[in-house]
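The next block holds one structure in the form of structure tokens; read it before the comments.
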Amino acid sequence: MTVTFLQTTAIADHSLHDVLILGCWCLPEESATIHDRLPVPIRFEKSAEYYREQRDYLYYSTVRTLAGWLNEVHHVDRPEQYWELILFTFLEPYVSDFYIRSLILESAYQRISEPCVLILPESQYSVPVTASDLSKRIKTSDRFNLQIFSQIATAAGMRVRRLSNVQASSYPAAIGPRRSLLRSAYALAHRLKRGLVSDSLMSPPADRSGGNQIALLPTHFSTAALRKLLQDEGLALSTPTFDGASLPESAPDLNLRYTLARFTFDSRLQSRLVSSLVHNLPMDFVENFAHHLGAAKGCALSRPSVIVAGFFAGLQSQIWAAEKQLEGSRLVLVQHGGHYGEGFFAPREVIERRLSDKFVTWGWAEEEDENLPAPRLQPFHSAGSRGSKLLYVMRELSRLPNYRMLNGCSSEQPCGPLPEIKFFDSVAVEIRRRTVIRLRTDKRASVSIQRVWARRYPELKIDEGVRGIRYALAKARLVVVGYPCSTTFLECLTQDIPVIVFAPCLRVTVRPDALLLYEQLADVGIVQTECAEMASLVEAIWNDPVEWWKEPGRREVREQFKQRFAWAADLDDTVGWWRSFLLRESKRRMPG
């Protein structure tokens, strides 16, 4: 019988007699009873450094290609950095996802005798409208993953069998409209209560009077006190707003998009990646770009001296920042989570540091970077207060293959939530009954995990992440974070909440200059590498984790870690540091 290789569950309802080998994101418990699968999704033939270099090459060469093509398409002459600032939040994860899937498919071809790849006909390909739409599809849509694998297999000249009438995945969308609205409403209400929302959101649009403006894009920052201090210096702090008009109806212009496939490359993989963008490049960058550019240019805040961004809330803010940077505004990008400075593989950090005129870190600044206290880490939790729950913060399963390969972890490590299952198998039932599992906002993974755990651990409660993490932290007696270099770990440190981190592969997930600090955390028990030992520790300290947390030797180690990677201060000190920094930046360069 011919082995049919399929890296998705998109045709789970399709009647086939061949063996289906499911993708690495499929959990063993939900698939093993239905289909056979490769015991290991990918075999590593070379070093992790080789894979990282290849991924970086794919990214940067694709940026150059797209910059030239988009200049032609939109009849402009913008520098490469302009387009990269607009594209990078979409392109960086897409390149990683595409590269991973290419390696998976090639690995299967090497290990299976005469495989046949089931593919989706090109007539059934779909084009995402926005970058977030594509990101959700990659994480949660079996059909879209089938599209990507079909593109790879076809371009590689593999033996294929075309499917017809492929049913859409039965899994729900990543985050439906109601879920998004709930999440936004909870976040806004919480930030309003604590004064974390810029009051410029409620103020009239900024005028066009000149270069005495500082633009503040999302940074998790309270602006009221800072605004007053800057006004005393003759500077105005404003938040740019954009036209909320709906997009005009449009369809993908495939004739235009196929001109992207005319480029030739020395690398076959690079050629396949660019060809895949004919259908996978979101319409926002092509057909709908003129609409977003018009909205960005219509922003009332026209001549800021400095633009500060923790992250970009949408494409229009990225286009606006790119336009203003060309006109002379200084672009300050700010670390907005964990992993920066710590994680071994951090392409987003490298890109943001290169694109910005100044990059702000939470304590680990290098070269021309700036250290400032993190607004996101301002204290909100009463030291010594105690909840009643064990909060277990899950890793994002859909990312696991990417990090495992690029960080060089053993390919023999099984897929799925096995570390979590090993931990809960080992920990006492009484603690499980008081446990809340905090899931990453990947609805597909959430549904799978709930199905698995409802059978195995009916006593566990699931937190799908609709509310912000601080609501969950406020109810926690003890927190367990299922992966290193996380934002939640840094928040627990600065809020003085007892926390344990599960990090089985420290030497390949943490940078050498952060490894010593992580090893010191491991020496005092805050970092754990074995599930059974972590369960024993949780049981031992459960009655009074605060006493364990405040032990002098343990406190000294975590304070050293905080000073390096989680600099936090009270509101007055934070505002003072930022005031001095923004005054310096505003004087360095002004729009012409």
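The values are calculated or read from the model by the stated rules, or taken from the named source; none is laboratory data. Remember, it's a predicted structure, so these values are computed and weren't measured experimentally. Neighbour counts are summed over all protein chains in view; Cβ atoms, including those assigned to glycine, are modelled from backbone coordinates with ideal geometry. Surface accessibility is based on the protein's heavy atoms, side chains included, excluding ligands, DNA and RNA. Shrake-Rupley method; radii C 1.70, N 1.55, O 1.52, S 1.80 Å.
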- prompt: When Cys505 is evaluated against the numbered criteria (1) in contact with a Gly (Cβ under 9 Å, 6 or more places away or on another chain); (2) open to solvent by 60 Å² or more (accessible area, probe 1.4 Å), which criterion, by number, is the only one it fails?
  reply: (2)
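Output the residues belonging to the range 555-592 that are of a type in the set (D, E, K, R), more than 30 Å from Glu327 (Cβ to Cβ) and open to solvent by 30 Å² or more (accessible area, probe 1.4 Å). Outline the logic, then answer.
Start the filter on the range 555-592 by keeping residues that are of a type in the set (D, E, K, R), which leaves 555-556, 558-559, 562, 564, 570, 572-573, 579, 584-585, 587-589.
Subsequent filtering for residues that are more than 30 Å from Glu327 (Cβ to Cβ) retains 555-556, 558-559, 562, 564, 570, 572-573.
If the condition is that a residue be of a type in the set (D, E, K, R), more than 30 Å from Glu327 (Cβ to Cβ) and open to solvent by 30 Å² or more (accessible area, probe 1.4 Å), then Arg555, Glu556, Glu559, Lys562, Arg564, Asp570, Asp572, Asp573 are the ones that fit.
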field: Search result, residues across the range 234-257 that are farther than 30 Å from Leu216 by Cβ, surrounded by 12 or more Cβ atoms within 10 Å (Cβ to Cβ) and over 30 Å from the mean Cα position of the chain (by Cα)
entry: Leu256
message: Take the residues in the range 352-369 that are closer than 15 Å to Trp578 by Cβ, touching an Asp or Glu at 6+ places or on another chain (Cβ under 9 Å) and not polar (S, T, N, Q); name whichever of them is surrounded by the fewest Cβ atoms within 10 Å (Cβ to Cβ).
response: Lys358
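Give the residues of the range 519-550 that are open to solvent by 40 Å² or more (accessible area, probe 1.4 Å) and within 15 Å of Ile497 (Cβ to Cβ), sorted by residue number. Steps first, answer last, please.
The initial filter retains those residues of the range 519-550 that are open to solvent by 40 Å² or more (accessible area, probe 1.4 Å), namely 519-520, 523, 529-530, 532-533, 536, 539-540, 543-544, 547, 550.
Matches in the range 519-550: Asp544, Glu547, Lys550.
Do you know which of the residues in the range 258-274 that are outside any helix (DSSP H, G or I) and without any contact (Cβ under 8 Å) to a residue 40 or more places away in the chain is most open to solvent (accessible area, probe 1.4 Å)?
Start the filter on the range 258-274 by keeping residues that are outside any helix (DSSP H, G or I), which leaves 263-267.
From the residues that got through so far, the ones that are without any contact (Cβ under 8 Å) to a residue 40 or more places away in the chain too are 264, 266.
On the way: Thr264: 124, Asp266: 161 Å².
This residue is Asp266.
Of everything in the range 556-571, what is within 15 Å of Phe489 (Cα to Cα) and either in a helix (DSSP H, G or I) or basic (Lys, Arg) (or both)? Give them in sequence order.
So the first thing to find is which residues in the range 556-571 are within 15 Å of Phe489 (Cα to Cα), and the list is 557-568.
Listed by number, the residues that qualify are Val557, Arg558, Glu559, Gln560, Phe561, Lys562, Gln563, Arg564, Phe565.
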- request: Answer yes or no as to whether Leu277 is among the aliphatic types (A, V, I, L, M), buried (at least 22 other Cβ atoms within 10 Å of the Cβ) and over 27 Å from Gly337 (Cα atoms).
  value: yes
Test: residue in the range 257-269 that is touching a His at 6+ places or on another chain (Cβ under 9 Å), over 30 Å from Ala374 (Cβ atoms) and modelled with pLDDT of 80 or more: yes
statement: By residue number, the members of the range 294-324 that are open to solvent by 30 Å² or more (accessible area, probe 1.4 Å) and either modelled with pLDDT of 95 or more or touching a Lys or Arg at 6+ places or on another chain (Cβ under 9 Å) (or both) are Arg303
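Name the one entry in Glu349, Glu287 that is surrounded by fewer than 20 Cβ atoms within 10 Å (Cβ to Cβ) and either free of Cβ contacts under 8 Å to residues at least 40 places away in the same chain or in contact with a Ser or Thr (Cβ under 7 Å, 6 or more places away or on another chain) (or both). Give the derivation first.
Numbers: Glu287 fails: surrounded by fewer than 20 Cβ atoms within 10 Å (Cβ to Cβ).
Being surrounded by fewer than 20 Cβ atoms within 10 Å (Cβ to Cβ) and either free of Cβ contacts under 8 Å to residues at least 40 places away in the same chain or in contact with a Ser or Thr (Cβ under 7 Å, 6 or more places away or on another chain) (or both) holds for just one of Glu349, Glu287, which is Glu349.
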- line: Checked against (1) surrounded by fewer than 21 Cβ atoms within 10 Å (Cβ to Cβ); (2) touching a Pro at 6+ places or on another chain (Cβ under 6 Å); (3) among the hydroxyl-bearing types (Ser, Thr, Tyr), Tyr457 satisfies every condition except (2)
query: Which of the residues belonging to the range 324-347 are in contact with a helix residue (DSSP H, G or I) (Cβ under 6 Å, 6 or more places away or on another chain) and charged (D, E, K, R)?
result: Arg330, Glu342
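Residues checked against (1) in contact with a His (Cβ under 8 Å, 6 or more places away or on another chain); (2) surrounded by fewer than 18 Cβ atoms within 10 Å (Cβ to Cβ); (3) modelled with pLDDT of 85 or more; (4) farther than 20 Å from Gln270 by Cα:
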{"residue": "Lys46", "(1), (2), (3), (4)": "no, yes, no, no"}
{"residue": "Leu58", "(1), (2), (3), (4)": "no, no, yes, no"}
{"residue": "His75", "(1), (2), (3), (4)": "no, yes, yes, yes"}
{"residue": "Ser141", "(1), (2), (3), (4)": "no, no, no, yes"}
{"residue": "Leu146", "(1), (2), (3), (4)": "no, no, no, no"}
